[in-house]
Amino acid sequence: MKSIRRGYLPEYEFTLRNQGVNALGQAVIDALFLLNRGHSLKRAAHIAMEHYQLTDHQRIALTRGIASDDEIRRRSLHKLSKDDVRDKTVYLDGFNAIILMESLVSGSPVFRCMDGAIRDLANLKGSYHIIDKTESAIRLILQAFDNLRIHKAIIHIDNPVSNSRNLKTLINTLADSYHVEIEVNLIDACDKSFYDKECVISGDGIVIDHAQSWIPLYLWIVEEYQLDHDVWLIDFDAMSNAYRKLVNTSELAVLNSRLHSPKPSQ
């Protein structure tokens, strides 16, 4: 099978390393200032993008990595710990999880986001192909289930997406080597199937917000994976510390003056 890097483009070497990450860190400060003062995420990211001349990929990374103070508080209230999930039944956002793990195994950039989630730049646009990293990605997830002593994992996969049935077959085949009980379902409206569920695993902010409780499994997997592998991790949580230091300082007034713009439309 041909080697493919999920979630990678050559230009990321320039836009998501070194000076590119430095520019992104500056944009985080501006975007958070605006986001926490009522601007939409799209508006805040656009203003920061224009000011620092970010690329589209940097803008997407910014929108996936940051969160308002309200979002962080709200999502932390129903975030579970490792002890909380022992012997539990969990719900996994299948494509969301596997594509992210493929990016991780590929050595592509992944983001430690301010809300505790891990995200990447890979996109699912109705088409999916199993690649040479898929088996390793699935095994990372299944091993994490075993390590956490999860009783059962119900995995929902978007039915309309190409190769969803092949992915289901692969998951079931690999699951035979692990202790966790696995149930894989093909779902037409996958995101909504997690609404009001307990113990949901996803990096999708909308899914997290609508779940009764969610599990930051991706973060735990990345932390474990880092022990033996190099990980291209862009830490938005750490970047946000620069913004926190500005709060209640005289420099915040300077930032306010520079970013002064009309109030967001109602």
inquiry  = It is to be established whether one or more residues within the range 139-146 are among the polar types (S, T, N, Q), surrounded by 17 or more Cβ atoms within 10 Å (Cβ to Cβ), farther than 21 Å from residue 191 by Cα and modelled with pLDDT of 95 or more.
reply    = no
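Using the structure shown, decide if residue 142 is touching a residue at least 40 places away in the same chain (Cβ under 8 Å), in contact with a strand residue (DSSP E or B) (Cβ under 7 Å, 6 or more places away or on another chain) and not in a strand (DSSP E or B). Give the derivation first.
Details: touching a residue at least 40 places away in the same chain (Cβ under 8 Å): yes; in contact with a strand residue (DSSP E or B) (Cβ under 7 Å, 6 or more places away or on another chain): no; not in a strand (DSSP E or B): yes.
No: the conditions fail for residue 142.
Of these, 93, 69, 56, 84, which one is within 23 Å of residue 4 (Cβ to Cβ) and surrounded by fewer than 21 Cβ atoms within 10 Å (Cβ to Cβ)?
Numbers: 93 fails: surrounded by fewer than 21 Cβ atoms within 10 Å (Cβ to Cβ); 69 fails: within 23 Å of residue 4 (Cβ to Cβ); 84 fails: within 23 Å of residue 4 (Cβ to Cβ).
The unique qualifying residue is 56.
Of the residues 247, 184, 254, which is at pLDDT 95 or above and at negative phi?
Working: 247 fails: at pLDDT 95 or above; 254 fails: at pLDDT 95 or above.
After ruling out the rest, the residue left standing is 184.
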request  = Write out, first by first residue and then by second, each pair whose Cβ atoms fall under 8 Å of each other, whose residues are 6+ apart or on separate chains, and whose first residue, in the range 53-80, is closer than 16 Å to residue 236 by Cα while the second is basic (Lys, Arg) and assigned to a helix (DSSP H, G or I).
outcome  = 63/42; 67/75
message = Looking for something of a type in the set (Gly, Ala, Ser), outside the structural domain of residue 240 (by TED's automatic domain parsing) and surrounded by fewer than 18 Cβ atoms within 10 Å (Cβ to Cβ) - is there at least one such residue anywhere in the range 2-20?
response = yes
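Only one residue in 245, 192 is under 25 Å from residue 124 (Cα atoms) and over 17 Å from the mean Cα position of the chain (by Cα), so which one is that?
Details: 245 fails: under 25 Å from residue 124 (Cα atoms).
Going through 245, 192 in turn, the sole match is 192.
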Hits in the range 161-208 - residues which are more than 22 Å from residue 219 (Cβ to Cβ), in contact (Cβ under 8 Å) with a residue 60 or more places away in the chain and part of a strand (DSSP E or B) = 184
request  = From 180, 161, grab the single residue that is touching a helix residue (DSSP H, G or I) at 6+ places or on another chain (Cβ under 8 Å) and over 26 Å from residue 116 (Cβ atoms).
outcome  = 161
Odd one out for residue 162 among (1) farther than 25 Å from residue 66 by Cα; (2) in contact with a Gly (Cβ under 9 Å, 6 or more places away or on another chain); (3) crowded, with 16+ Cβ neighbours inside 10 Å = (3)
ask   = If you check 39, 51, 78, which single one turns out to be out of contact with any Lys or Arg (no Cβ under 8 Å at 6 or more places or on another chain) and under 17 Å from residue 118 (Cα atoms)?
value = 78
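Surrounded by fewer than 18 Cβ atoms within 10 Å (Cβ to Cβ), in the same structural domain as residue 212 (by TED's automatic domain parsing), over 15 Å from the mean Cα position of the chain (by Cα) and under 30 Å from residue 239 (Cα atoms): is that true of residue 125 in this structure? Let's see the steps before the verdict.
Details: surrounded by fewer than 18 Cβ atoms within 10 Å (Cβ to Cβ): yes; in the same structural domain as residue 212 (by TED's automatic domain parsing): yes; over 15 Å from the mean Cα position of the chain (by Cα): yes; under 30 Å from residue 239 (Cα atoms): yes.
Against the criterion (surrounded by fewer than 18 Cβ atoms within 10 Å (Cβ to Cβ), in the same structural domain as residue 212 (by TED's automatic domain parsing), over 15 Å from the mean Cα position of the chain (by Cα) and under 30 Å from residue 239 (Cα atoms)), residue 125 qualifies.
The values are calculated or read from the model by the stated rules, or taken from the named source; none is laboratory data. Source: prediction; values computed, not measured. Note that each Cβ is placed from the backbone with ideal geometry, even for glycine, and that neighbours are counted across all protein chains shown.
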